[in-house]
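Worksheet for the structure shown next.
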Amino acid sequence: MDRVATVERNTKETQIKVSISMDTNEGYSIDTGIGFFDHMLTALSAHSGISMNIKVTGDLYVDGHHTVEDTGIALGQAIAKALGDKSGIARYGSAYIPMDEALGFCSLDISNRSFLVFNGEFQNEKIGEYDTCLTEEFFRAFAYNAGITMHLNIVYGTNDHHKCEALFKAAAHALKQAIKPTKAGETLSTKGVL
């Protein structure tokens, strides 16, 4: 199985190139211009087992919104492209991830039915140069473009860095379960297709 994809997205606001590989451990190279976001995407790659090369040039003189959201769009498109018709995968994944005092949870279904439920609040507007409100925007863009139903919850926590990182790692581990190939290679649906 050769589940790889490259997506380029160029607008007046961002220039993005995303390359992923789901079945070869080639590591990651992440550069979005936002340090904390790079840290989160690195965690997403390392914990999902999906090799990611992501290069983004965005209008950071405005703010980080376009950079973060458009990265979610491109990465979601790359996941969808690499999975094709989504046959032969476990489809579902769920994970709780503790990060010191914080606990994050993700449950997802790679179903071609895009949806995001996001429950949780951050206490601060920023973590470094990263706007905490963009966490939900990233995952919405990612889920909708990947064809994933995703539920994310900050169960509890006080440190925003820990809460955000717990969510990204929970999403990574849920994704790792869901993309795992099945032995028979069938589509896991009573409909026969997703």
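Go through region 96-148 and report how many residues are crowded, with 20+ Cβ neighbours inside 10 Å, of a type in the set (Phe, Trp, Tyr) and more than 22 Å from residue 81 (Cβ to Cβ).
So the count comes out to 2.
Listed residues 20, 89, 30, 73; which is among the hydrophobic types (A, V, I, L, M, F, W, C), more than 15 Å from the chain's Cα centre (by Cα) and within 24 Å of residue 170 (Cβ to Cβ)?
Of 20, 89, 30, 73, the one residue that is among the hydrophobic types (A, V, I, L, M, F, W, C), more than 15 Å from the chain's Cα centre (by Cα) and within 24 Å of residue 170 (Cβ to Cβ) is 89.
Residues in region 133-140: is at least one over 14 Å from residue 167 (Cα atoms) and not aromatic (Phe, Trp, Tyr)?
No, there is no match, as no residue in region 133-140 is over 14 Å from residue 167 (Cα atoms) and not aromatic (Phe, Trp, Tyr).
If you check residue 50 against the conditions, is it touching a helix residue (DSSP H, G or I) at 6+ places or on another chain (Cβ under 6 Å), modelled with pLDDT of 95 or more and crowded, with 19+ Cβ neighbours inside 10 Å?
It is false that residue 50 is touching a helix residue (DSSP H, G or I) at 6+ places or on another chain (Cβ under 6 Å), modelled with pLDDT of 95 or more and crowded, with 19+ Cβ neighbours inside 10 Å.
Give region 54-90 a look and list any residue that's out of contact with any Asp or Glu (no Cβ under 6 Å at 6 or more places or on another chain), of a type outside the set (A, V, I, L, M, F, W, C) and in a loop (DSSP other than H, G, I, E, B), or say none.
61, 63, 84, 85, 86, 87, 88
Need the failing condition index for residue 136 against (1) over 18 Å from residue 101 (Cβ atoms); (2) touching a Phe, Trp or Tyr at 6+ places or on another chain (Cβ under 6 Å); (3) in a strand (DSSP E or B), just the number.
It is condition (3) that residue 136 fails.
The values are calculated or read from the model by the stated rules, or taken from the named source; none is laboratory data. Since the model is a prediction, treat every value here as computed from it, not as a measurement. In this analysis, Cβ positions are derived from the backbone assuming ideal geometry, glycine residues included, and neighbour counts consider all displayed protein chains.
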